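**Q** Before I ask anything, here is the structure I am working with.
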Amino acid sequence: MHWLRECTTATDEEKAALRKSLRDARRSTKKARLKRLGELMPPPDRKVTLNGLLELHYCPDSGSEYTVIGNSHWELLCSMDSSAESVQLQVPIMNQAYGSTWVSANRMAKLQILIHTAAGPVRPMELWEVLITDVDDEFIV
């Protein structure tokens, strides 16, 4: 085995063609590997239970300063739990949810949450303040 640049039997044109084919193969391999990685990884099984009734997927450690629930999930919780109440905020709160996504919240609620983790369930002692937004993705902790 020897280095391509030290090869005495290959011409400059053959060396250039080999470099190009290796570069193209490496680029296509990376793309295929990344695409398959997303397909092979199991979906995260992170769940949170709200007020002991509604179980949702959640997004942990998103960089968000607040815990956020989407309006459709809030309405679903209200239909299951008649004691769930929200408070209208005097000033809307802008919050960076994940990545560079910004959401606006006009309402806030206090909920009892139970976070299901690999180590077991975690229940904060106090009620958790949650912003209610129009973005209906995962529950953001």
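Since every read-out is calculated from the coordinates, none of them should be taken as a lab result. These numbers come from a predicted model, not from an experiment. Backbone-built Cβ (ideal geometry, glycine too); neighbour counts: all protein chains shown.
**Q** Pop out the ³J(HN,Hα) list for the range 8-16 in order, Karplus 6.51 cos²θ - 1.76 cosθ + 1.60 with θ = phi - 60°, rounded to Hz; leave Gly and Pro as x.
**A** Taking θ as phi minus 60°, the curve returns 9, 8, 8, 7, 4, 5, 5, 5, 5 Hz for the range 8-16.
**Q** I'd like to compare 49-60, 85-96: which one has the highest average count of other Cβ atoms within 10 Å, and what's the full order after that?
**A** Top of the packing list down: 49-60, 85-96.
**Q** Right, next: Can you give the net charge of the other residues whose Cβ lies under 15 Å from the Cβ of Q88, counting K and R as +1 and D and E as -1?
**A** Local charge sum for Q88: -1.
**Q** When the Karplus curve 6.51 cos²θ - 1.76 cosθ + 1.60 is applied with θ = phi - 60°, which whole-Hz ³J(HN,Hα) does each residue of the range 106-114 get, with x for Gly and Pro?
**A** Whole-Hz 3J(HN,Hα) from phi for the range 106-114: 10, 10, 9, 9, 10, 10, 8, 10, 10.
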